[in-house]
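The values are calculated or read from the model by the stated rules, or taken from the named source; none is laboratory data. Please read all numbers here as calculations on a predicted model, not as lab measurements. Glycine gets a Cβ as well: all are built from the backbone with ideal geometry, and neighbour counts include every protein chain shown. Keep in mind that these areas ignore ligands, DNA and RNA; they rest on the heavy atoms of the full protein, side chains included. Shrake-Rupley method; radii C 1.70, N 1.55, O 1.52, S 1.80 Å.
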Amino acid sequence: MSKQKETVAAYFEKADAKDPSLFELFTDDVEIYFPKFGVGKTKAAFMELGGGFANSVASIAHRRDDFLFVEQDNYVVVEGLTYGTGQDGQEWRGGETPGGRFCSVFQFRDDGDDLKICRMHIYLDPDYTSQNESGFLWGKDRPNW
């Protein structure tokens, strides 16, 4: 496994463990994108995103064994599934419920002695527990999630 893929795998492991040392994997000027948050361009913005996100879900984990990795040059793209519980106690399971699928794009930069993530854009529907009924243009009970 390449150093870039190892770093991405470490990110997801640390994120699932709520390990704050995950921020050490990023450059100080990291660019972060998350739906409904927009773009932030520092670790402080990333921490702000994390704080807001923590208030929206009670628990979340990534099904790391099911990840699809694509790597080219200084980019790693990961497609995968999550499962967890919203603050209201409602659960989701990516692949079984509408919420829980994601794709993240990581860009790397050699930051002195270390390879670090300088950009992470996360693409997903942040309505994990499917509360936004009007967002289901084809109906909420459509099979084959």
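Could you please find all residues in segment 2-24 being open to solvent by 30 Å² or more (accessible area, probe 1.4 Å), farther than 18 Å from T82 by Cα and in contact (Cβ under 8 Å) with a residue 24 or more places away in the chain?
Answer for segment 2-24, where residues must be open to solvent by 30 Å² or more (accessible area, probe 1.4 Å), farther than 18 Å from T82 by Cα and in contact (Cβ under 8 Å) with a residue 24 or more places away in the chain: S2, K3, K5, F23.
Could you go through segment 50-64 and let me know if any residue there is touching a residue at least 40 places away in the same chain (Cβ under 8 Å), out of contact with any Leu (no Cβ under 9 Å at 6 or more places or on another chain), hydroxyl-bearing (S, T, Y) and in a loop (DSSP other than H, G, I, E, B).
Checked segment 50-64: no residue is touching a residue at least 40 places away in the same chain (Cβ under 8 Å), out of contact with any Leu (no Cβ under 9 Å at 6 or more places or on another chain), hydroxyl-bearing (S, T, Y) and in a loop (DSSP other than H, G, I, E, B).
Condition check: over 20 Å from V8 (Cβ atoms), free of Cβ contacts under 8 Å to residues at least 40 places away in the same chain, open to solvent by 40 Å² or more (accessible area, probe 1.4 Å) and basic (K, R). Does R101 satisfy that?
Criteria not met by R101.
Any chance segment 76-85 includes a residue that's touching a helix residue (DSSP H, G or I) at 6+ places or on another chain (Cβ under 8 Å), more than 23 Å from Q131 (Cβ to Cβ) and modelled with pLDDT of 95 or more?
yes
Would segment 54-64 turn up any residue that is modelled with pLDDT under 95, open to solvent by less than 30 Å² (accessible area, probe 1.4 Å), more than 18 Å from F106 (Cα to Cα) and in contact with a Gly (Cβ under 7 Å, 6 or more places away or on another chain)?
Checking segment 54-64: at least one residue is modelled with pLDDT under 95, open to solvent by less than 30 Å² (accessible area, probe 1.4 Å), more than 18 Å from F106 (Cα to Cα) and in contact with a Gly (Cβ under 7 Å, 6 or more places away or on another chain).
Could you go through segment 75-89 and let me know if any residue there is farther than 20 Å from I32 by Cβ, within 17 Å of the chain's Cα centre (by Cα) and either of a type in the set (F, W, Y) or not in a strand (DSSP E or B) (or both).
yes
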